[in-house]
Amino acid sequence: MGMTATEKILARASRRDRVRPGDIVFPKPDLVIVHDGLVVSSKAELDGVGIDRVFDTDRIYFVTDHDVVYTSPRAVERGTQIRKIVKEWGIKHFFDVGQGGHGHIFPIQSGVVTPGTFYFDNDRHCTNAGGIGAVGFRVGTEIATVLATGTVWTKVPPTIRLTLKGKVKPGVFGRDVGFRIVQDLARRGIDLDYRVLELAGDLEQFDLGERIALCSSPTEMRAIGVFIPPSERILAEAKARAKRPFEPVFSDADAEYELDLTLDVSEIEPQVVLTGGVERGVDIAAKAGTSINHAFIGSCASGMYEDLVAAAKILRGRRVAPGVRLFVVPGSELNTKRMQTDGLMQVFVEAGAMVMPAGCGICSSGKMGPVHSGEVSISTAADNVVGRFGAKDAELFLASPATVAASAVTGVVTDPRDFQVFRSGEAA
Amino acid sequence: MSAFQWKLAGRCHKFGHDIPHPGPVIPKHLIAGRYMDPKDLVPHLFSELRPGFPDKCKPGDIIVTGRNFGMGPKMNGYIAMQALGLGLMTETMPFLAYRAALGVGLRVLDTCPGILNLVEDGDEIECDFSTGAFANRTRKIQKTFDPIPEALRELVSLGGTSGFLRQWWEANRPRETAAARA
């Protein structure tokens, strides 16, 4: 019996010929990523034991994405502490405020996370790695153990394969497909807890931005990983950016899956996810026309350059509706720079959107740009549990970047197809 | 490691299905406030579901639950269980909850299918967490579940992550550092 791609990557990192679901392994990561929320507590934990060093100053990346503009005195103090810790430990890859951006986006865009990479991260959204054919495993506060020892116990997860069939309609994006996937899995009572969801089938149609978006919603349903086998196009892009040589990894033809499912994507409509969880998606017709107050494009789920392009296609030459505030949060500083050279920045500014520093943006607990009681928000946030970014009685709809942009322009939930916007790569 | 007590014997504290960690296991404000000291947590263990629970249990007792116990990745409730000397057996628990429980050194079996049918609250039960051997002495039932995996027994026997790190550092601390400190 063969192995899935995730099993192969875990086996390689664990210096084993093969691993099987349920095995406990101690993988040696190619890199470790820690965000601004866990650096100080990890340091305190290791100080408490007397550990005064990290396992490898060159393989550790400290990123700043959860509170990049320091929205509280405590955050300012934390920033100071982080910079001190970076010096004490000699961390070589430190991305301070205003540098790098979202830790689940810029490492992919800058060729640090490449196809086949295995890494540990404190945050669950490291599943984004699957969008480029890599594996990132979330270990929460046990990232401190990884920082000290270079590994932590890891249970090899089972994999569920989902074959996507057909071509999505124009105006329907990877994010919509992701919403629909989890809606279907929830309806069928399929639990993703600590499973890898591997996608197969007609994947060629999804660019890197959409692949990242596809990784998001299953993660909110507790998947430990989403794996999308990289296409020729993705591999060529990755090769152009890669900081070091890489070897893409694919599942064996006789790999074992816990479940083998299919989904016809050709019938999917643009989705609007109702407040309370990513699996609560409905076709946009059910909510079209609902007034909105708050709109946000960004987050680990939809902060890739491709997402910004999709939104800009609608916003170009148009204005955000009166009474609506639109926040645009590029996933990375690379995106911000490119927006300036490509003219996208001008499109957003002239539309009346507020372009914010790269990072998690509003999705990080609404530290910036929260919603008020009774308001209706439509956004590309990773999640929309009650109170995720502001008042507990606010509506938090989720949708694709195109749907959010279209809604911001009209002031009501709007089908992006009303603006004749097609998928990236296709004629508008 | 041989001195570690893998077998617990005591009363069964039976709970149902789908009990989330924030709230029912331990009050939300203690999680949000990042309380990690057992003395702050123990008095509030299961306070929403069974007021006075900590006074009704003794070391060796085992909490037995149904499916999906302890939703959420936090460890506060398990710190309280560990401080009280309790064990935990669930029909299922989300992986991150299991990981959090092991991280504080709790003796826990997360996959005990059908165990709710084998016990009633107050039964005298025992479990060897290193072999999975379970017995309900009140009802004369014996069954074997999957034990704590061998690769994780060191972590548990050392009292969880902090004990594990302490031992690791003892073994891996560079010599010159040790000499400099001496």
Exercise for review: Of the conditions (1) in contact (Cβ under 8 Å) with a residue 24 or more places away in the chain; (2) over 13 Å from B:Gly77 (Cβ atoms); (3) hydrophobic (A, V, I, L, M, F, W, C), B:Val108 clears all except one; give me its number.
Suggested key: (2)
**Study point:** Residue count, region B:93-114 (criterion: out of contact with any strand residue (DSSP E or B) (no Cβ under 9 Å at 6 or more places or on another chain), within 13 Å of chain A (Cβ to nearest Cβ) and more than 18 Å from B:Arg153 (Cα to Cα))
**Key:** 1
Exercise for review: Hey, can you tell me all the residues within region B:40-92 that are on the phi > 0 side of the Ramachandran plot and within 14 Å of chain A (Cβ to nearest Cβ)?
Suggested key: B:Asn68, B:Gly70, B:Gly72
Point to revise | When residues of region A:24-73 are limited to those that are of a type in the set (Asp, Glu) and crowded, with 18+ Cβ neighbours inside 10 Å, the one nearest to A:Cys300 (Cα to Cα) | key: A:Asp65
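Residue-wise test of (1) among the acidic types (Asp, Glu); (2) under 26 Å from A:Arg53 (Cα atoms); (3) under 16 Å from the mean Cα position of the chain (by Cα).
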residue: B:Phe95; (1), (2), (3): no, no, yes
residue: B:Asn136; (1), (2), (3): no, no, no
residue: B:Pro147; (1), (2), (3): no, no, yes
residue: B:Leu155; (1), (2), (3): no, yes, yes
Exercise for review: Kindly check whether there is at least one residue in region B:109-127 that is assigned to a strand (DSSP E or B), more than 17 Å from the chain's Cα centre (by Cα) and of a type outside the set (Ser, Thr, Tyr).
Suggested key: yes
Exercise for review: Collect the residues in region A:47-83 that are hydrophobic (A, V, I, L, M, F, W, C) and more than 14 Å from chain B (Cβ to nearest Cβ), keeping them in residue-number order.
Suggested key: A:Ile60, A:Phe62, A:Val63, A:Val68, A:Val69, A:Ala75, A:Val76, A:Ile82
Practice item. Tell me, please, whether a residue that is hydroxyl-bearing (Ser, Thr, Tyr) and within 14 Å of chain B (Cβ to nearest Cβ) can be found in region A:35-46. Key: yes
Point to revise | Members of region A:167-185 that are surrounded by fewer than 21 Cβ atoms within 10 Å (Cβ to Cβ) and farther than 19 Å from A:Phe227 by Cα | key: A:Lys167, A:Lys169, A:Pro170
Check your understanding: Which one is surrounded by the fewest Cβ atoms within 10 Å (Cβ to Cβ) among residues in region A:392-416 that are of a type in the set (Gly, Ala, Ser) and closer than 14 Å to A:Phe296 by Cα?
Key -> A:Gly411
Review point. Of all residues in region A:144-189, which are over 22 Å from A:Gly116 (Cβ atoms), within 14 Å of another protein chain (Cβ to nearest Cβ) and part of a helix (DSSP H, G or I)?
Key: A:Ala144, A:Thr145, A:Leu147, A:Ala148, A:Thr149
Review point. Would you pick out the residues in region B:137-147 that are surrounded by 17 or more Cβ atoms within 10 Å (Cβ to Cβ) and either touching a residue at least 40 places away in the same chain (Cβ under 8 Å) or over 23 Å from A:Asp23 (Cβ atoms) (or both)?
Key: B:Phe145
Practice item. Considering only residues that are outside any helix (DSSP H, G or I) and surrounded by fewer than 18 Cβ atoms within 10 Å (Cβ to Cβ), look in region B:148-170 and name the one that is nearest to the other protein chains (Cβ to nearest Cβ). Key: B:Pro149
Practice item. Quick one: which residue in A:Arg319, A:Arg233, A:Arg222 is out of contact with any Pro (no Cβ under 6 Å at 6 or more places or on another chain), in a loop (DSSP other than H, G, I, E, B) and over 26 Å from A:Ala353 (Cβ atoms)? Key: A:Arg222
**Study point:** Within region A:3-113, helices (runs of 4 or more DSSP H) holding 2 or more residues that are in contact with a Gly (Cβ under 8 Å, 6 or more places away or on another chain)
**Key:** A:5-13, A:106-109
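Every number in this text was worked out from the coordinates using simple rules, so none of it is lab data. From a predicted model like this one, the values you see are computed outputs, not experimental measurements. Every residue, glycine among them, receives a Cβ derived from its backbone with ideal geometry; neighbour counts consider all protein chains shown.
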